[in-house]
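First up is the structure itself, then whatever we jot down about it.
The values are calculated or read from the model by the stated rules, or taken from the named source; none is laboratory data. Every value quoted in this text rests on a predicted model; they were computed, and no experiment measured them. Using ideal geometry, Cβ is built from the backbone for each residue, glycine included, and neighbour counts are taken over all protein chains shown. Side chains are part of the model used for accessible areas, which takes the heavy atoms of the whole protein and leaves out ligands, DNA and RNA. Shrake-Rupley method; radii C 1.70, N 1.55, O 1.52, S 1.80 Å.
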Amino acid sequence: MSEPVTGREAAWSLSATAEGDGVRLELALPDLGGRPVTAILSLERAEARAFARALLAAAGDATERTFQGSADS
């Protein structure tokens, strides 16, 4: 298993493990509605790549919305 990536103040963690021809992702949220929750995704290689692209696109969109009017605009 890879070292988990954690969010600010350990509000979440994400780890990835090779699994057959794909990957197993575990997203742990220590407090969701007062209790810990772990979401597990078992993805084939193509699915994992599509998921990664979607996350990058969402992050880019959020960044553009957050930093409107930058020098690049």
Single condition THR17 does not satisfy, out of (1) in contact with a Lys or Arg (Cβ under 6 Å, 6 or more places away or on another chain); (2) open to solvent by 60 Å² or more (accessible area, probe 1.4 Å): (2)
Tell me, yes or no, whether the stretch 53-73 has at least one residue that is farther than 14 Å from LEU14 by Cβ, in contact with a strand residue (DSSP E or B) (Cβ under 7 Å, 6 or more places away or on another chain) and surrounded by 11 or more Cβ atoms within 10 Å (Cβ to Cβ). no
Any residue in the stretch 42-62 that's within 13 Å of LEU25 (Cβ to Cβ): show its pairings with residues that are assigned to a helix (DSSP H, G or I) and at pLDDT 90 or above at Cβ separation under 9 Å, as long as the two are six or more apart or on different chains. LEU43/ARG49; LEU43/ALA50; LEU43/PHE51
Among residues of the stretch 27-52 being over 15 Å from ALA16 (Cβ atoms) and in contact with a Ser or Thr (Cβ under 9 Å, 6 or more places away or on another chain), the residue surrounded by the most Cβ atoms within 10 Å (Cβ to Cβ) is LEU29
